[in-house]
Amino acid sequence: MDNRIEISKGPAAANIYMKDQSNNTIAHLLLDWSYDSIDYKFKDDSWISINSELNNSEKNKIFKLLASHACNNLKNFSDKSNQLLEKLEKLINN
């Protein structure tokens, strides 16, 4: 897979993107620590709030990849972000 993962972060949230070689977004994970929300968009699908594991294997595989990348790169950004990352780690370890 020749896709790359990018992260942008700020005081309220972080966005984790998987992009293809043409810079098109394949998947987008939004970690919003202001609202304690984890939202995910895969390709042209609608946004979904993540509360449990995804059923579709491709969606689930890419979600876990983005989530792991977020957990590895956003630790200790803020107390609020750490709380949401704990929730995210529980989701990816199920």
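The values are calculated or read from the model by the stated rules, or taken from the named source; none is laboratory data. Quick caveat, the model's predicted, so the values are computed rather than measured. Note: ideal-geometry Cβ built from the backbone for every residue, glycine included; neighbour counts use all protein chains shown.
Tabulated results
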{"quantity": "Sole exception among (1) within 12 Å of the chain's Cα centre (by Cα); (2) among the charged types (D, E, K, R); (3) over 20 Å from SER8 (Cβ atoms) for ASP45, by number", "calculated": "(1)"}
{"quantity": "Filter result for PHE77 (over 12 Å from ALA14 (Cα atoms) and either modelled with pLDDT under 90 or not β-branched (Val, Ile, Thr) (or both))", "calculated": "no"}
{"quantity": "Some residue of the range 63-72 being surrounded by fewer than 14 Cβ atoms within 10 Å (Cβ to Cβ) and outside any helix (DSSP H, G or I)", "calculated": "no"}
{"quantity": "Long-range neighbours under 6 Å by Cβ, at least six apart or interchain, first residue under 15 Å from LEU30 (Cα atoms) within the range 45-58, second surrounded by 11 or more Cβ atoms within 10 Å (Cβ to Cβ) and at pLDDT 80 or above", "calculated": "TRP47/ASP39; TRP47/LYS41; ILE48/TYR40; SER49/ASP39; ILE50/ILE38; ILE50/TYR40"}
{"quantity": "Strands (runs of 3 or more DSSP E) wholly inside the range 4-62 containing at least 1 residues that are exposed (fewer than 11 other Cβ atoms within 10 Å of the Cβ) and on the phi < 0 side of the Ramachandran plot", "calculated": "4-9"}
{"quantity": "Residue in the range 73-81 that is assigned to a loop (DSSP other than H, G, I, E, B) and under 13 Å from the mean Cα position of the chain (by Cα) present", "calculated": "no"}
